[in-house]
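Before any comments, here is the structure.
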Ligand code: GYE
């Protein structure tokens, strides 16, 4: 009788896993949604999430990862602010046998330093934006100003490259100015103001912004300059945040490429399989990229997205 009671705890106890998440910050509506969704996904799966906001600084992310390793977490999610400079700290995680999964941005480092990367094809996103513009201007001359994302980040590098590749066979389209707006609304507005001043609003045919938030800031600058965004200056960007659909509904923006904020779901699926029987995932889990334009039902899209944590 006594021995039966001793056996019970050993069978019934099941511990939840602990995952550290080094998030970049909250520069964009998209990233705010990613943070919300990651917390929800962890909760639904009974995972304890340790969340660290790096406020855009790589050194804070490196410190956070070291902290997670010291605490002995079961896995680490890393949204890397820039592409370079990760080898040393990722070696430390590897030595501690803690799997690292990259979320939404890539790094320049040997593949054995992370388990997998859950990202979109960011070159493709740029190509989708460029191809949309090619069709929209239909052979007419078009001077484009470009708002780049955070300097040195994989989406800024890849989205620029993809767009340039798409317009390479369109001599009528030229990028006349290109500068970083750091993926924020505030910088998008400031840099667009400087583009309008240096180029003259009438000489700008289109804006390509590496994310919607910068486009939303730029829309404000264009209006303040007395021009009509979406008409006088065509606007194409990336993310599909609720506010860009409101702008498209109002005719003030033209196209966006959707990026899901649910990068953590696939990451947790991969970890669950790994914890169950050691299954290793492919090195890249690619999320979808869908084009939306002002021809879509943007009121409905806005409604469907507005409560998702953006
Ligand atoms: O598009 C942008 C964000 O890393 C792909 O980062 C992501 C980008 C996203 O701040 O809005």
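Taken together, the values in this text are just the output of simple stated rules run on the coordinates, not laboratory data. Here the structure is a predicted model, which means the values were calculated and not measured. We place every Cβ from the backbone using ideal geometry, glycine too, and count neighbours over all the protein chains shown.
Annotations for the structure displayed:
- When you work out D = kT/(6 pi eta Rh) for segment 131-172 at 37 °C and 0.692 mPa s, using the Kirkwood radius from C-alpha pairs as Rh and the Stokes-Einstein form, the result is 292 µm²/s.
- Segment 193-277 - Kirkwood radius from inverse mean 1/r over Cα pairs (Å): 14.3 Å
- On Cα atoms only, tilt of 212-224 relative to the major axis of the chain in degrees: 30 degrees
- Degrees separating the helix 185-199 axis from the principal Cα axis of the chain, which is the longest one: 30 degrees
- Only DSSP H runs of four or more residues enter the estimate; each adds -39500 (n - 2.57), and after division by the residues of the chain the mean residue ellipticity at 222 nm equals -14000 deg cm²/dmol.
- Going by neighbour counts of Cβ atoms within 10 Å, the residues 239, 297 line up, fewest first, as 297, 239.
- Taking the chain and dividing mean pair separation by its residue count, relative contact order in percent (alpha carbons under 8 Å, at least six apart): 18 percent
- Here the chain has an Rg and Dmax of 21.9, 89 Å, counting Cα atoms alone.
- Overall, the anisotropy analysis places segment 76-165 in the prolate class: the square-rooted eigenvalues a ≥ b ≥ c of its C-alpha gyration tensor yield a/c not less than 1.5, with a/b exceeding b/c.
- With eigenvalues of the C-alpha gyration tensor scaled by 5 and rooted, segment 231-310, Å: 34, 13, 8
- Between segment 133-149 and segment 23-101, the Cα center-to-center distance that results, in Å: 36 Å
- Between 0 and 90 degrees, the angle of helix 264-277 with respect to the longest Cα principal axis of the chain falls at about 30 degrees.
- Alpha-carbon centroid distance for the pair segment 150-229 / segment 251-265, whole angstrom: 17 Å
- Gain on full extension, evaluated as 0.36 nm per residue between residue 275 and residue 143 minus their Cα-Cα distance, stands at 42.3 nm.
- Solvent-free Debye scattering, log10 I(q)/I(0), computed from the Cα coordinates of segment 164-310 at q = 0.15, 0.19, 0.20 Å⁻¹: -0.80, -1.11, -1.19
- Full-stretch length increase - residue 44, residue 112 - with 0.36 nm per residue and alpha-carbon distance subtracted: 21.5 nm
- Summary of packing: across the peptides 16-22, 63-69, 50-56, the per-residue average of other C-beta atoms within 10 Å ranks them, highest first, as 16-22, 63-69, 50-56.
- Extension gain, residue 231 to residue 293, is 21.0 nm, computed as 0.36 nm per intervening residue step minus the present C-alpha separation.
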